[in-house]
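Structure, as structure tokens:
Every number in this text was worked out from the coordinates using simple rules, so none of it is lab data. All values derive from a computational prediction rather than experimental measurement. Reconstructed Cβ throughout: ideal geometry from the backbone, glycine too, with neighbour counts over all protein chains shown.
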Amino acid sequence: MVTSVTNLSRSGLYDWMAQRVSAVVLAAYFIFLIGYLVAHPGIGYDQWHALFAHNAMRIFSLLALVALSAHAWVGMWTIATDYLTPMALGKSATAVRFLFQAVCGVAMFAYFVWGVQILWGI
Amino acid sequence: MNSQRPVNLDLRTIKLPITGVTSFLHRVSGIILFLGIGFLLYALGKSLGSEEGFADVKDTLTSPLAKFVAWGLLSSLLYHLVAGVRHLIMDAGVGETLEGGRRGSKIIIGVSVVLIVLAGVWIW
């Protein structure tokens, strides 16, 4: 049996679950955010700032950020392992795939830290 | 690996059925969103940072290019969301047959086209 080492949890079933749970969180977050913006056309700085300064929104946003990190990793991992294969790239496939996954991981980590800075900087 | 073994599922030689097209679009929209997070965080940080920053973001969003980018990201998000909800419905055992899969693909294309057009109307 081949053991997966680059997926999120070393178990396809856990990855599948993490992808679903994070998807539901992200769906709730973006439906709320888009709904809020649609419901408040011409929103001003004070109201926008107050929304994100609210503790509940801060928790919701951090939750969405954590969910996004897991979701993006599982998704980009799926794409990398499906397309960056020896069949498509030949012998260098493993190196290319690892490099791609490393870039995705670093980018997502940077996004996460950046997001936390934004949420806690207000 | 023995290179004489038959190669299965070479995506470059297969004409994608509609279910494959919607699956592929789900992936493409996911990649676009992953890249788009940077734009969204930048706009979020700037708009929350100061009153001038908020005005800047609002001002930038009046330009046709920014509107187009915003619409593109929103379209990716809406499609990804609709296709994702369909995945959850399929996880619950609904629409898992070949015919159900084709019907589901047509439904998500229809629903997302409507939402994407509405998003365009909202932005412009």
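Observations on the structure shown:
- For the protein assembly as shown, alpha-carbon Rg over 2.2 N^0.38 Å: 1.12
- Modelled label positions at B:LYS58 and B:SER23, each set 7 Å beyond Cα in the direction of Cβ, lie 4.6 nm from each other.
- For the pair B:TRP122 and B:ALA66 in one chain, pulling the backbone fully straight at 0.36 nm per residue adds 18.8 nm over the alpha carbon distance.
- For the stretch B:16-124, applying the loop criterion from DSSP together with a ceiling of 16 other beta carbons within 10 Å to the GluC sites (Glu not before Pro) yields B:GLU96.
- Listed by chain and number, the aspartates and glutamates whose C-alpha is less than 15 Å from the C-alpha of B:LYS106, apart from same-chain residues fewer than 8 away, are B:GLU96.
- Note that the stretch B:107-124 has calculated 3J(HN,Hα) couplings of 5, 5, 5, x, 5, 6, 4, 4, 5, 5, 5, 4, 4, x, 4, 5, 6, 8 Hz, one per residue in order, obtained from phi through the Karplus relation 6.51 cos²θ - 1.76 cosθ + 1.60 (θ = phi - 60°); glycine and proline are x.
- Using the Cβ-Cβ distance between A:HIS54 and A:MET87 with R0 set to 51 Å, the FRET efficiency from 1/(1 + (r/R0)^6) comes to roughly 0.50.
- Rounded if a/c under 1.5, otherwise prolate or oblate - the stretch B:8-124, Cα gyration tensor axes: prolate
- Normalised contact order of chain A, rounded percent, pairs of Cα under 8 Å and 6 or more residues apart: 30
- Per-residue ³J(HN,Hα) for the stretch A:73-89, Karplus 6.51 cos²θ - 1.76 cosθ + 1.60, θ = phi - 60°, Hz, x for Gly and Pro: 5, 4, x, 5, 4, 4, 5, 4, 6, 7, 10, 8, 10, x, 5, 8, 10
- The stretch B:18-123: relative contact order in percent, alpha carbon pairs under 8 Å with at least 6 residues between: 36
- J(HN,Hα) series, the stretch A:91-104, from Karplus relation 6.51 cos²θ - 1.76 cosθ + 1.60, nearest Hz, glycine and proline x: 5, 7, 3, 4, 5, 4, 5, 5, 5, 4, 5, 5, 4, 4
- Gaussian network model of chain A, springs between alpha carbon atoms under 10 Å - residue of A:TYR83, A:TYR45, A:TYR36 with greatest fluctuation: A:TYR45
- The label-point distance for B:LYS106 and A:ALA110, in a model that sets each label 7 Å from Cα toward Cβ, rounds to 4.5 nm.
- B:LYS15-A:LEU63 FRET efficiency (beta carbon distance; Förster radius 41 Å; 0.05 resolution): 0.50
- With R₀ set to 51 Å, the beta-carbon distance separating B:LEU40 from B:GLN4 gives a calculated FRET efficiency near 0.60.
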